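Structure record follows, encoded as C-alpha cells.
Every number here is computed from the coordinates shown, using simple stated rules; none is lab data. Please read all numbers here as calculations on a predicted model, not as lab measurements. Methodologically, a virtual Cβ is constructed for each residue, glycine included, from the backbone with ideal geometry; neighbour enumeration extends over all protein chains shown.
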Amino acid sequence: MKKNLLFLLAFVLSFSLIAQERKSLLELQQDFIDLKFGMFIHFNIPTFMNQDWADPDASPSLFNPQKMDCSQWAETAKKANMTYGCLTTKHHSGFCIWNTETTDYNVMNSPFGKDVVKEYVDAFRLQGLEVMLYYSILDTHHKLRPGFITKEHVELVKKQLVELLTNYGEIKALIIDGWDAPWSRISYDDIPFEDIYYLVKSIQPNCLIMDLNAAKYPGEALFYTDIKSYEQGAGQHISKERNCLPALSCLPINSSWFWKSDFPNSEVKSPEEIVNENIIPLNNSYCNFILNVAPNRDGLIDQNVIEALEEIGKLWRNNPIDNKLVGVKSPIISYNMAKNKPINSSWSNDMHIMDFANDDNFNSAWISNETISQPWLEVELAIREQAFNMITIAQRGHNTFSNYKLEYWHNNNWITLFEGDNKDIIKIHRFPKVWGSKVRIIINKQHTPPVITEFGVYAERL
C-alpha cells in the first residue's frame, strides 16, 4: 500500500513536469553538449573529514557549514561562463543533504538543519543556470553494497530518486555513480537499471540519466547511460579525434573531489589549461566539460578557486559552435540475457576461448583462430525459448569483421535475423520481438581474426 501511495504522489507532483514539451533523446543529448561547461559541486559529509570517502558511521553532527551561501557558488559559476551546476545529493557513505523521509541519516538531523539541495537549486536558477543532481547508488551507511543488497535497498533507491525528481523542479540530468563500476561491484541486476531508467523518465521525461561507468564500457556505444562519461583523474580520456557520442568529461580544479584543509593555500589547476586543454577541444568533440569545485567547511568556495574561475571566464567566452550530433543510437539499458550462459564457437586463438565473449568483461575477448575461414559463435539462452528484440556484438578498438549472419534457433530451425555488412565496432541490431533458445553469429568475411569482447542478447521494453 505504501509503495502505491509513493508512486501516486510522484505522479501527482510531477504532472506539471510531464506536461512539458517532451523532447527526443537526441534533442536532449544535443542540449547537453551545447551546455559546454558546468560546475560539479562535491559537498557532503566527507567535506568535514578531510576524506573523499567518509566513514559510513560518521555522525550527522559533523555537518555544520555555518556560512553556507549557495548564491556565492552560483555567482562564481556565472563569472566563469558556466551554464549549469551539479551537486552531490548523496555520496558513497549515504548521507543525504536534502529533506528526505527515507532515512534519518540526513542533513535535517545535523546542526545545519536545512535542505541544501533546495538552497542550491534556488540559487542556481536565480542566476539562469541549469540544475543537475549527482546521486550515489553505492551507500555504505545503509549497507547498499555487494553481498547485502535486498529488495528494501531497491525501494530505498527508488524512493530517494522520486523525492529528488518531484520536490526540486526540472532536473536537467541525473548523474549516477557507484553502479556497475569495478570498484563498487553493484551490478545492474542487483539494482535493476531498466527499472530505474523508466522510473526517472516517467517522472521527468526530459531528464537525462548518466551513469559514470566509463571504467567498464567501451566508448563506441551508449551502454546503460544517455551520456558517455569520462573521469580524467581515473585515466578515462575521450578520443578527441574519433568520438561521435554525446559525452561528459570531469576533473576537479583542486587535487581531489571534496575539500581538504590544505586547499586554500594549494595551487589549483591553471585557467589556461582548463580552457585550452579541456573546454575548447572537448566541446569540439561532442563533449561537455564539468569542473569540480569543492566548497569548504563554512559552505563557501575558497578565494583561490574564485580567482581561477573568474580568470577562466575572461579567457573563455562561450561562443557558439556548430557541433551537431548525427546518428546516435539509443542506449542499451536492458538485462543481457546472454551473460554467462553456455557458449560455443569454432576454434579459438590460443587461450582466448569462447567463454570470454559473454563474461560481462569488455577487457577479455574471444579471438578466432586465424586458420578458420568462416568462424562462428553460439550462445544457448535457455532450454525453453525466450523472447528478445536486440543483439549487440562488441569488438575492441577496431573493426575485425564486417560481413556476417545472425541467426536464432526457433522450432528446431535456424532463422536468419540479419545477413550483410556492418562496419561499426559495436554492432547493434534492433528488430521486432522473436522467440528462440539459441543465437549465433557466422562471420562470412574478416579483415583480421575476429575479436568479440561481448555478445549481448536483450528483451528491450517497447
request  = Report Rg/Rh for the stretch 162-271, rounded to two decimals, where Rg is the Cα radius of gyration and Rh the Kirkwood radius.
outcome  = 1.01
request  = Give a quick list of GluC sites (Glu not before Pro) in the stretch 229-330 that DSSP marks as loop, anything other than H, G, I, E or B, with at most 10 other Cβ atoms within 10 Å.
outcome  = Glu241, Glu267
key: Simple spin-label estimate for Lys23 and Cys244 in nanometres, 7 Å along Cα-Cβ   = 2.2
request  = Determine, from the Cβ-Cβ distance of Glu460 and Asn276 and an R0 of 45 Å, the FRET efficiency 1/(1 + (r/R0)^6), rounded to the nearest 0.05.
outcome  = 0.60
Label zone at Glu385 (point 7 Å along Cα-to-Cβ), backbone N below 19 Å, the stretch 392-413 = 406-413
key: Of the trypsin sites (Lys or Arg not before Pro) in the stretch 35-91, those whose Cβ has at most 12 other Cβ within 10 Å and which sit in DSSP loop   = Lys67
request  = Count the DSSP beta bridges whose two residues both fall in the stretch 2-315, then state the antiparallel fraction as a percent rounded to the nearest 5.
outcome  = 5
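Roughly how compact is the stretch 343-458, stated as its Cα Rg over 2.2 N^0.38 Å to two decimals?
In units of the globular-protein estimate, the stretch 343-458 measures up at 0.98.
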message = With a cap of 16 neighbouring Cβ atoms within 10 Å, and only residues DSSP puts in a loop, list the trypsin sites (Lys or Arg not before Pro) found in the stretch 365-408.
response = Arg384
remark   = Neighbours of Met390 by Cβ distance under 10 Å: Lys/Arg at +1, Asp/Glu at -1, summed charge +1
task = Rank by packing, highest mean first: peptides 216-226, 432-442, with packing defined as the count of other Cβ atoms within 10 Å averaged across residues.
result = 216-226, 432-442
note = Number of Lys pairs in the stretch 343-458 closer than 16 Å at Cα, excluding neighbours under 8 places apart unless interchain, is 6
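May I ask you to compute the full-extension gain from Thr416 to Gln374, defined as 0.36 nm times their residue separation minus their alpha-carbon distance, rounded to one decimal in nm?
Working: separation 42, 0.36 × 42 = 15.12 nm, distance 1.64 nm.
That works out to 13.5 nm of additional length.
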message = I need the calculated FRET efficiency for the pair Lys216 and Glu194, taking r as the beta carbon distance and R₀ as 22 Å, to the nearest 0.05.
response = 0.80
query = Can you flag which of Lys36/Lys67; Lys78/Lys118; Lys36/Lys158; Lys67/Lys90; Lys78/Lys216 are past 28 Å Cα-Cα?
reply = Lys36/Lys67; Lys36/Lys158; Lys78/Lys216
inquiry  = Give me Rg/Rg_expected for the stretch 247-294, where Rg uses Cα atoms only and Rg_expected = 2.2 N^0.38 Å with N residues.
reply    = 1.23
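With a ≥ b ≥ c taken as the square roots of the eigenvalues of the C-alpha gyration tensor of the stretch 30-75, please select rounded if a/c is under 1.5 and otherwise prolate if a/b is larger than b/c or oblate if it is not?
Oblate.
Please compute the Kirkwood hydrodynamic radius of the chain from all pairs of different C-alpha atoms, in Å with one decimal.
For the chain, the Kirkwood estimate is 23.6 Å.
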q = 0.23 Å⁻¹: log10 I(q)/I(0) that the Debye formula gives for the stretch 51-160, counting C-alpha atoms only = -1.26
ask   = Per-residue HN-Hα couplings for the stretch 176-190, Karplus 6.51 cos²θ - 1.76 cosθ + 1.60 at θ = phi - 60°, whole Hz, x for Gly and Pro?
value = 9, 10, x, 10, 6, 9, x, 8, 9, 6, 8, 7, 6, 8, 4
In nm, spacing of pseudo-spin labels at Lys151 and Asn319 (7 Å Cα→C-beta vector) = 6.0
query = How far apart, in nm, are the 7 Å Cα→Cβ label points at Lys114 and Lys445?
reply = 6.8
query = Using 0.36 nm per residue, how much length does the chain from Lys67 to Asp424 gain when fully extended, once their Cα-Cα distance is taken away?
reply = 123.2 nm
